[in-house]
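Working notes for the structure below.
The values are calculated or read from the model by the stated rules, or taken from the named source; none is laboratory data. What you see is a predicted model; the values in this text were computed from it and never measured. Glycine gets a Cβ as well: all are built from the backbone with ideal geometry, and neighbour counts include every protein chain shown. Remember, those area values only see protein heavy atoms, side chains included, never the ligands or the DNA or RNA. Shrake-Rupley method; radii C 1.70, N 1.55, O 1.52, S 1.80 Å.
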Amino acid sequence: MTTDTNQWSTGIFDCFDDKPECIYAFFCLPCFACNTSGKFGQSPWLPILDYFGSVPPIALHTRFFMRQRYGIQGSIWEDCLYSTFCYPCVWCQMSREMKHHQ
């Protein structure tokens, strides 16, 4: 069941709201990110490119387009900061958001 809101359904640090996903991301973040990217409709291999720069472009891109798809408020600057400094939490939050909107 989904509700229309202009906020993320969970906070960036609410990883323990979905413990199995949190554990999966903790032990194999590249696999988790690739899996989440594939579920969002992107190439599942794109997150591998995040490991070749200082700002992870795929996490940033995916977060931006997820906000657009689900009508979530925010800015590209927030997306950039979270994707750069809270990388694992960003992927967990995006995964929880997709589950919320199913």
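Using a 1.4 angstrom probe on the protein heavy atoms only, line up TRP8, TRP45 by accessible area, largest first.
Working: TRP8 40, TRP45 185 Å².
From most exposed to least exposed: TRP45, TRP8.
To the nearest 20 Debye, how big is the dipole of the chain about its Cα centre, given +1 on the beta carbon of each Lys and Arg and -1 on that of each Asp and Glu? Don't skip to the end; give the middle numbers.
Working: 7 positive and 9 negative charges, 38 e Å.
Approximately 180 debye in magnitude.
Under 14 Å from the Cβ of CYS22, count the other residues' Cβ atoms, weight Lys and Arg +1, Asp and Glu -1, and hand me the total. Each step should come with its number before you reach the end.
Details: positive: LYS19, ARG96, LYS99; negative: ASP14, ASP17, ASP18, GLU21.
Residues close to CYS22 contribute a combined charge of -1.
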**Prompt:** In deg cm²/dmol, rounded to 500, what helix-only [θ] at 222 nm does the chain give when every DSSP H run of at least 4 residues adds -39500 (n - 2.57) and the total is split over its residues?
**Reply:** -17500 deg cm²/dmol
**Request:** Please name whichever of ILE58, GLY38, ILE23 sits farthest to the positive end of the charge dipole of the chain, dipole taken about the Cα centre and charges placed at Cβ: Lys and Arg +1, Asp and Glu -1.
**Result:** GLY38
**Fill in**
Checked against the structure, the computed Kirkwood radius over Cα pairs in Å among [x] 16.1; [y] 19.0; [z] 13.4 is the one labelled [z]
**Message:** As a test question: what accessible area, to the nearest 10 Å², does LEU46 have when a 1.4 Å probe is rolled over all protein chains in place?
**Reply:** 50
